[in-house]
1. Which listed residue (Val178, Gly205, Ala20) has the Cα farthest towards the positive end of the charge dipole for the chain, taking +1 on Lys and Arg C-beta and -1 on Asp and Glu C-beta about the Cα centre?
2. So what are the three principal axis dimensions of the range 349-460 from its Cα atoms, in whole Å, longest to shortest?
3. Within the chain, what's the longest stretch lacking chymotrypsin sites (Phe, Trp or Tyr not before Pro) that sit in DSSP loops with no more than 14 other Cβ atoms inside 10 Å?
4. If you rank Ile184, Ile93 by fewest surrounding Cβ atoms within 10 Å, what's the result?
5. Using the 10 angstrom Cβ neighbour count as an exposure proxy, how do Leu80, Leu209 rank, fewest first?
6. 7 Å from Cα along Cα→Cβ at both Glu158 and Ala252: what's the point-to-point distance in nm?
7. Given the range 219-360 reduced to its alpha-carbon atoms as identical point scatterers, what log10 I(q)/I(0) does the Debye formula return at q = 0.15, 0.17 Å⁻¹?
8. Could you sort out which of Lys226/Lys435; Lys370/Lys430; Lys370/Lys398; Lys51/Lys226; Lys51/Lys435 sit more than 26 Å apart by Cα distance in this structure?
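Derivation of every value follows stated rules applied to the coordinates shown; laboratory data play no part. Computed from a predicted model, the values in this text were never measured in an experiment. Don't worry about glycine lacking a Cβ; one is built from the backbone with ideal geometry, like all the others, and counts go over all protein chains shown.
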Amino acid sequence: MPAFDFDLFVIGGGSGGVRAARFAGQRGVRVALAEDRQLGGTCVNVGCIPKKLYSYAAEYAEGFADAAGYGWRMPARPTLDWEVLKTNRAQSIGHLNGIYGRLLSGANVQQIQGRARLVDANTVEVTHADGHASRHTAAVILIATGGRPWVPELPGRELAVVSDDVFDLPVFPRRLVVVGGGYIGCEFASIFHGMGAEVTLLYRGEQILRGFDDEVRDFVAEEMRKAGVDVRVQAQVTRIEAAGNARRVHLADGTTLEADVVLYATGRRANTEGLGLEAVGVRTDARGAIEIGAHFATSAPGIYALGDVVGGLELTPVALAEGMALVDHLFGPLPGHARRTMNYDDIPTAVFTHPPIGTVGLTESAAREKCGAIRVYRSDFRPLQHSLSGRSQRSLVKLVVDDATDRVVGAHMVGADAGEIIQGFAVAIKAGATKAQFDATIGIHPTSAEEFVTLREVTRT
Ligand code: FAD
């Protein structure tokens, strides 16, 4: 057995990489982690966290408007100071970067700043900011390099920005065009609209948010339109051109749109370029994502991959759970703890549109395909808060039930705090709760969540 510098070398200090390195370090394993940007990866620096902070910023605007119906008199129309928001966000994220560094040091993980590539199945070369390179050997290598925004080929694509850029736009856009109907595009459309921009969302397909429950998709599109986002489906961008300081977006139907900023949110690709994968025999698929088999093993012995770079469910809690499952597989669980494994069923998720979506389990159409006979329960209502605010926003709650077993196989919500509410119901669904058990649960009154335990109206299909 050759002597290696480390037992585990992790490439990428994002959600999956940091969690795996830290967990391995806690087991007394000799670990190194290379990161060429900031610790915390996409989620902390240009994803979940800054996005949620900006979503809160947008919510205040709704609150100010709603407050009048509750008797509040505002001295003047509140305005957003974009510079203050950016500075405070950067400060808060800088604080998180520091926490990640301390967590790694606390677990005795050696942090190496620089861009890593594989030299052979046990050697990683890291190129540092000053240009010099260092080589490190390890028994096991983990690739957790995540992904990056992808923009299709089209004339003028260099005039568009991507989600990585949007948090630090030098000037707040008065008019914003968002291209893409996935969750990231929809979230930014809602957020920038809430913060005061005029927003047009362009999506080439028939309805935004492909993959979510169809009724939820229709409901959210309608609520976003009611709130003032110009959601246009079956809209295909052909080119972008500069128009003074602005951008002109040309559509396939011959119309044009002008905006200060065009944000492309048309998907992401795995960060696999320049990693030296071919040389060591790590196979990737047509989109560049690393192919893995059981226990996150790549096609090259001793090399593993997880998180967004493998192109599965691209969510932070998934990358974290994968990191922990891999460490238990490679080095065993901590004494007294059960071995963690990965289970991809019933993973809850939220979309921070305004109003937000929370969802867990099967959509109505997926349930019909999987279970055959199903029952669907739904309620579409005006939340109590808006009886005084005057806002016309409505909420939707929906349960999908397997008719044969009475098990609730899907729960979906559109409305305030949907993510917070669905997280709790996800435990029940993961535990196999039946509709009868939902019905036997007493509601908390007055809340929107109580609708989930009082649903009576049924559609059988
Ligand atoms: P990353 O977090 O991307 O980390 C990879 C790291 O590897 C990066 O820091 C990168 O710099 C580094 N790296 C890459 N190549 C190299 C190299 N050669 N050498 C050294 N370092 C390298 N998920 C949620 O669960 N909830 C959300 O609300 C949510 N919102 C999102 C919003 C946006 C705008 C985006 C873009 C993503 C969002 N996500 C959300 C997804 C989430 O951020 C990712 O699923 C998660 O960060 C994946 O973790 P990871 O460890 O696989 O990769």
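1. Projecting each Cα onto the dipole axis, the largest value belongs to Ala20.
2. Between the extreme Cα coordinates on each principal axis of the range 349-460 lie 43, 27, 25 Å.
3. With chymotrypsin sites (Phe, Trp or Tyr not before Pro) excluded where exposed in loops, the chain gives 73-343 as its longest stretch.
4. With the sparsest Cβ surroundings first, the list reads Ile93, Ile184.
5. The fewest-first ordering by Cβ neighbours comes to Leu80, Leu209.
6. 2.6 nm
7. Rounded to two decimals, the profile gives -0.96, -1.05.
8. Lys226/Lys435; Lys51/Lys435
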